[in-house]
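S.K.: Before we start, here is the structure in question, set down as structure tokens.
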Amino acid sequence: MAGSRRTYRTMAALRTALLGRTTLSVECRRLEGIEPPIDHVIEEIRLRNHAIEVVWDNGVVLSTKLKMFGSWQLHRRGEELRRPESHVSVMLDVGQWRAVCYGASHVETYRDFDVRRHPMLGSHGPDLGRDDADIEECVDRMMEYEERDATIAEVLVDERVLTGVGNVYRCEAMWACEVHPWATIGEFKRAECRELVTLMCETLRADKLGVGRVSRAVYGRQGKACMRCGDVIKVTHHGEANRVLYWCPGCQTTHQPLTRPNFTPAYVDRDATRGDTHPAAQIFMDEINARRAGNF
Ligand SMILES: [Zn+2]
């Protein structure tokens, strides 16, 4: 089924229903690998090695290979399963939608980026998800970051610097601090590093407490106007980990580099329409709605 029209339609529909949503629960049958994350935002739906993959903003990937009659289907909240429960391989709940994978031959999870696995690699940085996280230690690790020409966007997802914070908070903090995502870490002063880390930490905690559900300035807003400068928000893949990066070229200009950073793979602008407005997604959703209408 790899690459078939049906696969792409399914992925478009999954993107529509899941991207940018927080995961409330995931149940997997015969899962190989770590437990999929809850309370994390779904960042990507992609096809890799004939498997449909769900990627969370903390870099955890759920990979599903389907049998001949396997499929991913979307159910509205409260809607009954369409196949017997014994066929369910994965059930992923984001509140408004339940995405159900029926008939997978293989379900596994893995980490998308074990950052530059290296024997010389030091210990993990503080876990910002903990209330007693040591912000100053994160700042120390940024100031002592060995590769001084690494970009700030990369440093902020490096587990040697800090852990426990997803990509949503990285993108939002860089926007809030008006920092250019490709600014090199060597340019940053201690106070600037502290501001970034503190912001990530505070936003994470506010989100966890559900305090007004902090609205997002850039994350998931590609193609929309920046609320600070009015420029168009962009989405890019960036860095060795190739994570999705949302940013505003209009106002994130602090420490803007004069040249492109010298690493591969090159960043690639993604098609801004790949989100919820994808025509295939629309067709799929129309079909679902029509089917539902017929049921009543
Ligand atoms: Zn802007």
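Only the coordinates and a few stated rules stand behind these numbers; no lab work does. Note that this is a predicted model, so its numbers are computed, not measured. Here Cβ is always computed from backbone atoms with ideal geometry, including for glycine, and neighbour counts include all displayed protein chains.
S.K.: Within the stretch 177-186, restricting attention to residues that are away from the ligand (no atom under 16 Å from the Cβ) and surrounded by 17 or more Cβ atoms within 10 Å (Cβ to Cβ), which residue is farthest from H255 (Cα to Cα)?
M.R.: Initial filter on the stretch 177-186 (away from the ligand (no atom under 16 Å from the Cβ)): 184-186.
If we keep only those that are surrounded by 17 or more Cβ atoms within 10 Å (Cβ to Cβ) as well, we get 184-185.
Values: T184: 8, I185: 9 Å.
Top of the filtered list is I185.
S.K.: Can you tell me how many residues within the stretch 196-231 are surrounded by fewer than 16 Cβ atoms within 10 Å (Cβ to Cβ), within 16 Å of the ligand (Cβ to nearest atom) and either free of Cβ contacts under 8 Å to residues at least 12 places away in the same chain or among the basic types (K, R) (or both)?
M.R.: Result for the stretch 196-231: 5.
S.K.: Could you please let me know if C193 is free of Cβ contacts under 8 Å to residues at least 60 places away in the same chain, at negative phi and surrounded by 22 or more Cβ atoms within 10 Å (Cβ to Cβ)?
M.R.: On the way: free of Cβ contacts under 8 Å to residues at least 60 places away in the same chain: yes; at negative phi: yes; surrounded by 22 or more Cβ atoms within 10 Å (Cβ to Cβ): yes.
For C193, the condition - free of Cβ contacts under 8 Å to residues at least 60 places away in the same chain, at negative phi and surrounded by 22 or more Cβ atoms within 10 Å (Cβ to Cβ) - is met.
S.K.: Just for the stretch 162-193: of the residues that are in contact with a Phe, Trp or Tyr (Cβ under 7 Å, 6 or more places away or on another chain) and of a type in the set (A, V, I, L, M, F, W, C), which one is nearest to V60 (Cα to Cα)?
M.R.: Top of the filtered list is V168.
S.K.: Next up: How many of the residues making up the stretch 35-68 are surrounded by fewer than 21 Cβ atoms within 10 Å (Cβ to Cβ), among the charged types (D, E, K, R) and assigned to a loop (DSSP other than H, G, I, E, B)?
M.R.: Matching residues across the stretch 35-68 total 2.
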